[in-house]
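Step one of this worksheet: look at the structure below.
The values are calculated or read from the model by the stated rules, or taken from the named source; none is laboratory data. Computed from a predicted structure; not experimentally measured. All Cβ positions, glycine included, derive from the backbone under ideal geometry; neighbour counts span all protein chains shown.
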Amino acid sequence: GKLAGVKRIAGVFARLETPVDFEALDDQPVDLVFLLLAPEGAGADHLKALSRIARVLRDADTVAKIRGTRDAAAIHALLSDTQASHAA
């Protein structure tokens, strides 16, 4: 969401040990969660950031790698991969 005290767009990623059933359209429990915070005046920048994360997490190989590692730097690199985030 957009918050007055936030200076720039920031994200927090979590991989849940116990998946949560959110009654998703694919009937799969959720184990990967991404929180995005944006300043009030961010305009549509937060939507662009959400779109990039969605594209990265749409890639099954990337998701498998995220689920398969406990290395925070490796997860950050996977989520920040500009090539994957620009794939259609």
Selection count, region 5-63, where residues are part of a helix (DSSP H, G or I) and either of a type in the set (Lys, Arg) or touching an Asp or Glu at 6+ places or on another chain (Cβ under 6 Å) (or both): 4
Lone qualifier among 34, 13 - being in contact (Cβ under 8 Å) with a residue 60 or more places away in the chain and not aliphatic (A, V, I, L, M): 13
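Residue check: is residue 40 at pLDDT below 90, of a type in the set (Asp, Glu) and loosely packed, with under 14 Cβ neighbours inside 10 Å? Spell out the reasoning first.
Details: at pLDDT below 90: yes; of a type in the set (Asp, Glu): yes; loosely packed, with under 14 Cβ neighbours inside 10 Å: yes.
In short, yes.
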Criterion (under 20 Å from residue 81 (Cα atoms) and in contact with a helix residue (DSSP H, G or I) (Cβ under 8 Å, 6 or more places away or on another chain)) met by exactly one of 47, 32: 32
Residues of region 64-80 satisfying the condition of being assigned to a helix (DSSP H, G or I) and not hydrophobic (A, V, I, L, M, F, W, C): 65, 67, 68, 76, 80
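Would you call residue 52 surrounded by 12 or more Cβ atoms within 10 Å (Cβ to Cβ), in contact with a Lys or Arg (Cβ under 9 Å, 6 or more places away or on another chain) and not hydrophobic (A, V, I, L, M, F, W, C)? Spell out the reasoning first.
On the way: surrounded by 12 or more Cβ atoms within 10 Å (Cβ to Cβ): yes; in contact with a Lys or Arg (Cβ under 9 Å, 6 or more places away or on another chain): no; not hydrophobic (A, V, I, L, M, F, W, C): yes.
No; evaluated as a whole, the condition is false for this residue.
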Hits in region 43-73 (condition: among the charged types (D, E, K, R) and touching a Leu at 6+ places or on another chain (Cβ under 7 Å)): 65
